[in-house]
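Asks: Sharing a structure below in structure tokens format, with a few things to ask.
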Amino acid sequence: MARDAQKTTRERPARLAVASGAGTILEFYDFAIYGTATALVFNKVFFNVDDPWFGTFLGFATFAVGFVMAPIGAVIFGHFGDRIGRRKALTAAFLLMGGSTLAMGVLPGYQAIGIVAPVILIFLRMVHGISRGGEIGGAALLAAEHAPTHRRGLYGSFVTLGSPVGGILANLSFALVLLMPMDQVVSWGWRIPFLIGGIVLAIGVWTRTRISETPEFMNQQETAQDRPRTFAVLRQNWRRVALAAGINLGQNCYAFLLFTFMLSFLTETDPGRGFDRSPVVFGSTIALACHAATVVLGSHLSDRLGRKTVIGFGMATSLVFAPFLFWVTAVGSLAACITVISIGFALTGFVYGPMLTTFSELFPITQRYRGIGIGFQVGAVLGGGLAPMIANRIVSATGSVIPVGVYAAVLMAISLCCLLVIKETAPLVAGRSIRERIGA
């Protein structure tokens, strides 16, 4: 009898945290270092045009390509994840994602091989995007389906915490690289963070090959009469998929505006603020630490107060704060900019922390991998994937970053409306009043 068929017990929290979180750490680390490299050096390495701001825009366009491909990956890996198991599909996606990142780290620049360089870069971004589409849904299920019912939200933070941790690791790696002379950073130093990703890849593969399949999936396999059909989730639960995408829209936009777009705006001189790169990257690391703290706090509170209550608080406060945040980044000192970015990240932590657990509770077991993946990734494309590029063009057209805050607020408002439509999914608080939840 196969190992997966024999072992259906729940994994220890520490092992589960590493196995489920490693993927999102690598996923966001990869996206973060690419976004950072795009904002700081790729307009010189791969997109060497006369207008540096437009070169940055081209880099953001390839950044968006990875997001666009992710829903395709969600369908492909989601099909196998719902059919043959979460762990196998998740490990395959993880290997493909890490391999594409390592390949970017050794790719010659435009001056070495000409137009072939950005073409190969775009191809690798497509591969990374497809594999990324299979990562987030499977990791969420690995955590949620191993979790005790009353602690699903907290266990879900094993996955969502990987995003700020990956961002912090990316920032630290680039902060060290930026200690080098800028000509060496452009020449070869930017490759170091991409190659370091191999360490996270090795740790993730090692842990995921040693963790058991989730008990809920194994129990469903024993009783299922028919194998899940690839597009069943879109035919039977398209409304839930659309709502999941809408819920992720604002948070993803907000996060990538603050992390990726803001790096270019604060460091470029025209039309940006012209601050030194190293303190900006360091300040962004502080902001991500604030995000990590509220991811864990929000996930824990969602088990007690409900998913909608915690996520709704994060959305409402982020919506109101967005215009002020971008006004400060337009006129404030570097310290003021880092402060408001940190607050913005902290507020979105309450949104992102319980989000994936909420999505996992929206769909039946046979459709969860695809439902989470497609919903999350479509929202990520329309929110985070296009946000840096759209913000770049807004600033170019208006000469001001303040309208970008209005753009972020509008998308967060759409997400809040989608959240209000769904029912509460936390098992222990559904149907109970806020007063009853607090007094429990």
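Asks: When the helices in the chain are scored as -39500 (n - 2.57) per DSSP H run of 4 or longer and the sum is shared across all residues, what 222 nm value do you end up with, to the nearest 500 deg cm²/dmol?
Replies: Numbers: 22 runs with 335 residues, N = 440.
Theoretical 222 nm ellipticity from helices: -25000 deg cm²/dmol.
Asks: What nm value, rounded to one decimal, do you get for the distance between Val421 and Arg151 when each label is placed 7 Å out toward the C-beta?
Replies: 3.5 nm
Asks: Now for a different question. How much length is gained if the chain between Ala103 and Val410 is pulled fully straight, taking 0.36 nm per residue apart and subtracting their Cα-Cα distance, in nm to one decimal? All intermediate terms of the calculation are to be shown ahead of the outcome.
Replies: Numbers: separation 307, 0.36 × 307 = 110.52 nm, distance 3.73 nm.
Net length gain for the segment: 106.8 nm.
Asks: With θ set to phi - 60° and the Karplus curve 6.51 cos²θ - 1.76 cosθ + 1.60, what are the ³J(HN,Hα) couplings of the stretch 95-110 in order, to the nearest whole Hz, using x for Gly and Pro?
Replies: Per-residue couplings from phi come out as 4, 5, 5, x, x, 5, 5, 4, 5, 4, x, 10, 6, x, x, 4 Hz.
Asks: Additional query: What is the spin-label model distance, in nm, from Ile72 to Ala202 if the labels are put 7 Å beyond Cα along the C-beta direction?
Replies: About 3.2 nm separates the two model spin labels.
Asks: Can you give the FRET efficiency for Ile286 and Val320, using 1/(1 + (r/R0)^6), R0 = 25 Å, r = Cβ-Cβ distance, to the nearest 0.05?
Replies: Details: r = 22 Å, r/R0 = 0.90.
Between Ile286 and Val320 the formula returns 0.65.
Asks: Given H placed on each backbone N at 1.01 Å, which residues far from Arg273 in sequence or on other chains put an amide H within less than 5 Å of it?
Replies: Counting only residues 5 or more places away or on other chains, the set is Leu266, Thr267, Glu268.
Asks: With N set to the residue count of the stretch 114-192, report its C-alpha Rg divided by 2.2 N^0.38 Å to two decimal places. It would help to have the intermediate numbers written out before the result.
Replies: Details: Rg = 18.1 Å, N = 79, 2.2 N^0.38 = 11.6 Å.
Taking the Cα Rg and dividing by 2.2 N^0.38 Å, one obtains 1.56.
Asks: Based on alpha-carbon positions alone, could you give the equivalent ellipsoid semi-axes of the stretch 259-412 from the gyration tensor, as √(5λ), descending, whole Å? Show your work: numbers first, answer last.
Replies: Values: eigenvalues 180, 61, 35 Å².
Those come to 30, 17, 13 Å.
Asks: Evaluate the relative contact order of the chain (contact order divided by residue number), counting alpha-carbon pairs under 8 angstrom at least 6 apart; express in whole percent.
Replies: Details: 844 pairs, mean separation 112.2, N = 440.
RCO, the chain: 26 percent.
Asks: Using Cβ counts within 10 Å as a stand-in for footprinting exposure, how do Lys423, Lys308 rank, fewest first?
Replies: With the sparsest Cβ surroundings first, the list reads Lys423, Lys308.
Asks: While we're looking at this one, here's another question. What's the FRET efficiency of Gln111 with Met182 using the Cβ-Cβ distance as r and R₀ = 22 Å, to the nearest 0.05?
Replies: Values: r = 16 Å, r/R0 = 0.73.
It comes out at approximately 0.85.
Asks: In the stretch 66-142, what chymotrypsin sites (Phe, Trp or Tyr not before Pro) fall in a loop by DSSP, with at most 15 other Cβ atoms inside 10 Å? Mind dumping the intermediate values first?
Replies: On the way: sites: Phe67, Phe77, Phe80, Phe94, Tyr110, Phe123; in loops: none.
In loop regions of the stretch 66-142 (DSSP not H, G, I, E or B), there are no sparsely surrounded chymotrypsin sites (Phe, Trp or Tyr not before Pro).
Asks: Right, another one. For the stretch 194-201, what does the Karplus curve 6.51 cos²θ - 1.76 cosθ + 1.60, with θ = phi - 60°, yield as ³J(HN,Hα) per residue in whole Hz, taken in order and with x for Gly and Pro?
Replies: These are the phi-based 3J(HN,Hα) values: 5, 6, 5, x, x, 5, 4, 4 Hz.
Asks: Could you give the alpha-carbon Rg of the stretch 70-169 over 2.2 N^0.38 Å, rounded to two decimals? Let's see the in-between values first.
Replies: Numbers: Rg = 16.3 Å, N = 100, 2.2 N^0.38 = 12.7 Å.
Here the Cα radius of gyration is 1.29 times the empirical estimate.
Asks: Please identify, among Arg273, Arg307, Arg370, the residue showing maximal mean-square fluctuation in a Gaussian network model of the chain using a 10 angstrom Cα cutoff.
Replies: Arg273
Asks: Relative to the compact-globule scaling 2.2 N^0.38 Å, provide the ratio for the alpha-carbon radius of gyration of the chain.
Replies: Taking N as the residue count of the chain, the ratio is 0.93.
Laboratory data are not the source of any read-out in this text; all were calculated from the coordinates shown. Given the structure is predicted, the values throughout are model-derived calculations rather than measurements. Note that each Cβ is placed from the backbone with ideal geometry, even for glycine, and that neighbours are counted across all protein chains shown.
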